[in-house]
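Here the structure is laid out as structure tokens; the discussion comes afterwards.
The values are calculated or read from the model by the stated rules, or taken from the named source; none is laboratory data. Small disclaimer: the values here were computed from a predicted structure and weren't measured. As a convention, Cβ positions derive from the backbone with ideal geometry for all residues, glycine included, and neighbour counts pool all protein chains shown.
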Amino acid sequence: MTNPAIISISVPVFLLIFLGQIQSLGNAKLSQPECQLKKWNIPAFLIAKNQITSSTKTKAASVLLPRIPVTCCQDDGSCLDEVIYKNENGKPSDKKALLTAIDRSLQYLKTARAENAYKAYQIPEITRDRVLKSLTRFRQLLITTNSPTELHAAIEREFVLYQSIGKDSKGSVLFTAYYEPFYSASRVPTPKYRYPAYRLPPNLKSWTKPHPTRLELEGADGLQGAKGKLRGLELFWFSDRLEPYMIQIQGSARLKLTDGTETTIGYAGNTAYNYKSIGRELANDGIFSVEDITMPVILDYFQKYPQKLNVYIPRDPSFVFFQENQGAPAQGSINVSLTAERSIATDKSLMPPGALALIRAPIPFVNSTGEMEHRIVSRYVLDQDTGGAIKGAGRVDYFLGTGKVAGDRAGVTVSDGQLFYLLLKP
């Protein structure tokens, strides 16, 4: 993304209405709770030390606290990233995907852009060189180890974990997820394909502020863009008004065109407004209770009452512009392609870009019967993206890939977990 302070490839903020309503990881039913849960929380003495530091006039509290790696409990498979080495639900092992994500971060870390980003990074001991060496060593271990336990043992010997203080200064991090939609589209308007997505205005920087709102740009029905500043900027056309809007939320999409070819579009810029969740607006209007609303519920509502899109979409003043990416995969804010289930988005004013991280949280999976179930898992990921709704030390957005299944999973991913960054011991 070119403007990571405002928006990323995806902003799953429909789901932010769950804040304060979601059952935390601390309430999940686990065997051996003392072992499986408390080990992952920030130790009390580190919390106290950070609070003392923040009370001094010369230092600020850190958002990442160094600690020794977590020793796995007996029979706790959720402690290990097992899918790196074994098949799951008929899928091949995930080692190749993780290596791909690592190589993309290594590519970024060797750039002048990364060098400049780390010069301004707030934690002095987390430098670009240390992040680069840590990721290179982890890659070597990934190739030479043959089991998740062997990899975990090597990490315990060689690495320090820097744990996010989270939203409560105790390590609790809210996880949501995002994905790349797959829609039908046309390069030209037709009676069926009427709703456009727009390319970046070449004169956007000269637009006076406050910028026009979404309502002013495209009208209540989403069809008035040609009458104003958006005229001639139409990039692709869609049959359902919700689709180009969902792409603005997710930040990218893969398109099946009317001539049978495929292409992709991705974020190119945005107006100077914060996103306003239409999910939250539905709850505010009493259409759904906060406890009942999920993204699938929201999508089902608008499928039944499409005329309501003209009421709720205009309430979001923000607007996102796109570029055609000729089939290239979705990209994150550090300008590398994202890898399904191995890329995350965080607040890049706080977290180290391109770095290796470990996440632990309840994540939804489609089981053998086709139903969705949540399992607490640990995953090694690369911090390669950011987002307008991803603010503070207590937020992570997890990239789940492309298409309907990824979208279904992303729509029900809202849970508390933990976030760690892996750095070689000094």
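Taking region 340-360 as the range and being on the phi > 0 side of the Ramachandran plot and surrounded by 24 or more Cβ atoms within 10 Å (Cβ to Cβ) as the test, only Gly354 passes. Does region 123-132 include one or more residues that are out of contact with any Phe, Trp or Tyr (no Cβ under 8 Å at 6 or more places or on another chain), exposed (fewer than 15 other Cβ atoms within 10 Å of the Cβ), more than 20 Å from Arg379 (Cβ to Cβ) and basic (Lys, Arg)? Checked against the condition, which is being out of contact with any Phe, Trp or Tyr (no Cβ under 8 Å at 6 or more places or on another chain), exposed (fewer than 15 other Cβ atoms within 10 Å of the Cβ), more than 20 Å from Arg379 (Cβ to Cβ) and basic (Lys, Arg), region 123-132 yields no hits at all. Scanning region 381-401 finds no residues that are touching a strand residue (DSSP E or B) at 6+ places or on another chain (Cβ under 7 Å), surrounded by fewer than 22 Cβ atoms within 10 Å (Cβ to Cβ) and either free of Cβ contacts under 8 Å to residues at least 40 places away in the same chain or not small (Gly, Ala, Ser) (or both). For region 409-425, the count of residues that are more than 18 Å from Val336 (Cβ to Cβ), among the aromatic types (Phe, Trp, Tyr) and buried (at least 22 other Cβ atoms within 10 Å of the Cβ) is at least one. Restricted to region 86-104, and to residues there that are in contact with a strand residue (DSSP E or B) (Cβ under 9 Å, 6 or more places away or on another chain) and in a loop (DSSP other than H, G, I, E, B), the residue that is surrounded by the most Cβ atoms within 10 Å (Cβ to Cβ) is Asp94.
In region 105-117, is there at least one residue being in a loop (DSSP other than H, G, I, E, B) and either in contact (Cβ under 8 Å) with a residue 60 or more places away in the chain or farther than 23 Å from Arg157 by Cα (or both)? Yes, there is a match, as at least one residue in region 105-117 is in a loop (DSSP other than H, G, I, E, B) and either in contact (Cβ under 8 Å) with a residue 60 or more places away in the chain or farther than 23 Å from Arg157 by Cα (or both). Sub-6 Å Cβ pairs linking a first residue in region 298-315 that is free of Cβ contacts under 8 Å to residues at least 40 places away in the same chain to a second residue that is among the hydrophobic types (A, V, I, L, M, F, W, C), at least 6 apart or interchain, are Tyr312/Ile278, ordered by first then second residue.
Criterion first (among the aliphatic types (A, V, I, L, M), free of Cβ contacts under 8 Å to residues at least 40 places away in the same chain and part of a loop (DSSP other than H, G, I, E, B)) does Ile287 satisfy it? So Ile287 fits the description; yes. Scanning region 290-330 for residues that are touching a helix residue (DSSP H, G or I) at 6+ places or on another chain (Cβ under 7 Å), assigned to a loop (DSSP other than H, G, I, E, B) and of a type in the set (D, E, K, R) turns up just one, Asp316.
For region 143-194, a residue qualifies if it is among the small types (Gly, Ala, Ser), part of a loop (DSSP other than H, G, I, E, B) and touching a Leu at 6+ places or on another chain (Cβ under 9 Å), and the qualifying residues are Ser147, Gly171. When Leu230 is tested against the conditions (1) within 15 Å of Phe319 (Cα to Cα); (2) touching a residue at least 60 places away in the same chain (Cβ under 8 Å); (3) not acidic (Asp, Glu), the lone failure is (2).
Against the list (1) more than 15 Å from the chain's Cα centre (by Cα); (2) β-branched (Val, Ile, Thr); (3) modelled with pLDDT of 95 or more, the condition Val366 fails is (3). For the residues Glu341, Glu281, the requirement of being of a type in the set (Asp, Glu), touching a residue at least 24 places away in the same chain (Cβ under 8 Å), touching a Phe, Trp or Tyr at 6+ places or on another chain (Cβ under 8 Å) and farther than 26 Å from Ala117 by Cβ singles out Glu281. Between Ile143, Ile155, which is in contact (Cβ under 8 Å) with a residue 24 or more places away in the chain, farther than 15 Å from Asp383 by Cα, loosely packed, with under 14 Cβ neighbours inside 10 Å and in contact with a helix residue (DSSP H, G or I) (Cβ under 9 Å, 6 or more places away or on another chain)? Exactly one residue qualifies, and that residue is Ile143.
Scanning region 364-388 for residues that are more than 21 Å from Thr149 (Cα to Cα) and among the β-branched types (Val, Ile, Thr) yields Val366, Thr369, Thr386.
Mind checking whether some residue in region 269-291 is within 22 Å of Thr213 (Cβ to Cβ), touching a strand residue (DSSP E or B) at 6+ places or on another chain (Cβ under 7 Å) and either aliphatic (A, V, I, L, M) or at pLDDT 90 or above (or both)? Yes, the conditions are met somewhere in region 269-291. With respect to Val83, determine if the residue is in a helix (DSSP H, G or I), surrounded by 17 or more Cβ atoms within 10 Å (Cβ to Cβ) and at pLDDT below 95. Considered against the rule, which asks whether it is in a helix (DSSP H, G or I), surrounded by 17 or more Cβ atoms within 10 Å (Cβ to Cβ) and at pLDDT below 95, Val83 comes out as yes. Scanning region 311-339 for residues that are surrounded by fewer than 19 Cβ atoms within 10 Å (Cβ to Cβ) and hydrophobic (A, V, I, L, M, F, W, C), we see that the one that is farthest from the chain's Cα centre (by Cα) is Val311.
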